[in-house]
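Derivation of every value follows stated rules applied to the coordinates shown; laboratory data play no part. The shown structure was predicted, so the numbers you read here are calculated from the model rather than taken from an experiment. All Cβ positions, even for glycine, are placed from backbone atoms using ideal geometry, and neighbour counts span all protein chains on display.
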Amino acid sequence: MKHRRSILSALPAFLLLSGWREQEAGDLKNERAYQNNLPRSRDPVWPKLRACKVSFSRKSGLYSLTPTPDVKAMAGKPVKIKGFILPLDGLDMTRHFLLGVNTPVCLFHPPGEPNEVIEVRSVRPVRWTETQVTIEGQFGLIRNAEMGVFFSLTQAKQVKA
């Protein structure tokens, strides 16, 4: 497998995922404004995930998520969703990545809020691309406040839209 020539190949995944905590409010607004002018996934699953309440504790520096009943009902079931890839292993062909509703704009921070990304572990490598892909896998709720990740797709694979 060929390594991507980017900062991603030098950073451990936890540094990328912890980026939410490190951004200042003004930086988040600027990044969100820029993202709003770029393509976004219109997949109907994203609004369900975004309806989950996200909280941030200044004391602990951690995020938490309160899933809606609809999202709780998705746990353990197959889900197909279209979004943008942000590789976590720095490879052109990746098995571990974030799938987000937004076009990634910064290699140091995830593409959106914690309720707008899914951590994906795929069965076969998926080619990194700047365009949207459709991924199918078993949906899960995870509680990784340290990394700011609350949704997962396991046993995932890329499928045709």
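Among the trypsin sites (Lys or Arg not before Pro) in segment 62-161, those placed in a DSSP loop whose Cβ has at most 16 other Cβ atoms within 10 Å are LYS160.
Here the gap between LEU141 and VAL123, fully extended at 0.36 nm per residue and compared with their Cα-Cα distance, gives a gain of 4.6 nm.
3J(HN,Hα) couplings calculated from phi for segment 44-52 with the Karplus curve 6.51 cos²θ - 1.76 cosθ + 1.60 (θ = phi - 60°) are, in sequence order, x, 6, 4, x, 5, 5, 5, 6, 5 Hz; Gly and Pro show x. Of all alpha-carbon pairs in segment 112-161, indicate the percentage at a distance above 15 angstrom. Result for the distance tail: 49 percent. Sites listed here are chymotrypsin sites (Phe, Trp or Tyr not before Pro) in segment 87-161 whose DSSP assignment is loop and whose Cβ has at most 14 other Cβ atoms within 10 Å: PHE108.
If you take the Cα centroid of segment 41-62 and the Cα centroid of segment 111-161, the two points sit 15 Å apart.
Of the GluC sites (Glu not before Pro) found in segment 44-150, those in coil by DSSP whose Cβ has at most 14 other Cβ atoms within 10 Å are GLU130, GLU146. In order along segment 78-85, phi translates into HN-Hα couplings of x, 10, 10, 8, 9, x, 10, 8 Hz, rounded to whole numbers, per the Karplus curve 6.51 cos²θ - 1.76 cosθ + 1.60 with θ = phi - 60° and x for Gly and Pro.
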